[in-house]
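The values are calculated or read from the model by the stated rules, or taken from the named source; none is laboratory data. Just so you know, these numbers come straight off a predicted model, no measurement behind them. Here the Cβ positions follow ideal geometry from the backbone for every residue, glycine too, while neighbour counts run over all protein chains shown.
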Amino acid sequence: MWLWTPAFAGVTVRKSPAMTRTQIILTRFALLALVLGLWQVLPSSNVINPLLLPPLGDVLSMLGTLLGQPRVHEAIATTALEVLVAFVIAVPVGATIGVIIAESPYLTAVFKPILFYVFAVPKSIFLPLFILVFGIGFPQKVAYAAFTTGFVVLMSAMAAVESVKADHILVARSYGATRGQILTRIYIPSMMPILLETIRIAMIFNFTGVMIAEMYASRTGIGHLIAGWGENFQMQQLFAGVILLATTAILFNEIIRYFEARCSTWRT
């Protein structure tokens, strides 16, 4: 396509065609193949010390061995349960508190500055407190992950309420709409685009919170195994665990994306 403007008379500029979706996907796979290929070649040729970075083939072989071990199955099940329970607690509780605060001008004036200050504080500094209160078992992982995730959901819920146009609420009230009708027909459709994105972000924070708690002090879970392998310099097991952890995180994210797509009609 040739573009011509009076300001650049006599000069022709060719507009490069946009990349198709297939080209983008192929480029992504090519980059992934390049990274994996370098991971295999560089340690195998001793360009990188294989004791620090084992070849990809050895790591994948170790991953297959680990997946056949019952303790790894138990660790995966424990971590998955911790993530799911913390997520189920954090999302509704955080969203409810956020909506209540944002709906009240008085509560917003009192708590919003405080919440912004607390949100800026790294939540990991509170982990020893959770260990003192809950120990190092299942409740501690769930409580800490729900705590870190709840702040994200709370702040996003407040932003979602603030995104609702006051004119829409005023018009609905002028036509005699009840609070329930305003909630279901004004608030929820207006807030849903932000809340759907919040759910995905919350899952990332939730999974990270569980991993930090398991690596810090735990008797089981994927994070506990990875921390042990790292401390004992078992690099093949460590990188196999990283691949397993990354795959699990991607799986969780894709599940949330699936439900997000199912609710895509709320975006319109």
*asked:* Here is a check on your reading of the model: is I114 more than 18 Å from G98 (Cα to Cα) and modelled with pLDDT under 90?
replied: no
*For the range 146-188, enumerate the residues that are small (G, A, S) and surrounded by fewer than 20 Cβ atoms within 10 Å (Cβ to Cβ).*
A159, S163, A166, A172, S174, G176, A177, G180
*Select from the range 82-104 the residues that are free of Cβ contacts under 8 Å to residues at least 40 places away in the same chain and either closer than 20 Å to I250 by Cβ or crowded, with 17+ Cβ neighbours inside 10 Å (or both) and list them in ascending order.*
L84
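Let's see how each residue does on (1) at pLDDT 90 or above; (2) under 20 Å from L225 (Cα atoms):
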site	(1), (2)
R71	no, yes
A86	yes, no
T108	no, no
A143	yes, no
*asked:* Quick check on this structure: which one of F130, F147, F126, F151 is of a type in the set (F, W, Y), on the phi < 0 side of the Ramachandran plot, assigned to a helix (DSSP H, G or I) and free of Cβ contacts under 8 Å to residues at least 40 places away in the same chain?
replied: F126
*Are any of the residues in the range 156-164 under 21 Å from V83 (Cα atoms) and either part of a helix (DSSP H, G or I) or not acidic (D, E) (or both)?*
yes
*Collect the residues in the range 41-64 that are surrounded by 13 or more Cβ atoms within 10 Å (Cβ to Cβ) and of a type in the set (S, T, N, Q), keeping them in residue-number order.*
S44, S61
*Determine, yes or no, whether G176 is without any contact (Cβ under 8 Å) to a residue 40 or more places away in the chain, farther than 26 Å from G94 by Cα and part of a helix (DSSP H, G or I).*
no
*So V121 clears everything in (1) under 25 Å from the mean Cα position of the chain (by Cα); (2) free of Cβ contacts under 8 Å to residues at least 12 places away in the same chain; (3) in a helix (DSSP H, G or I) except one condition, right? Which one?*
(3)
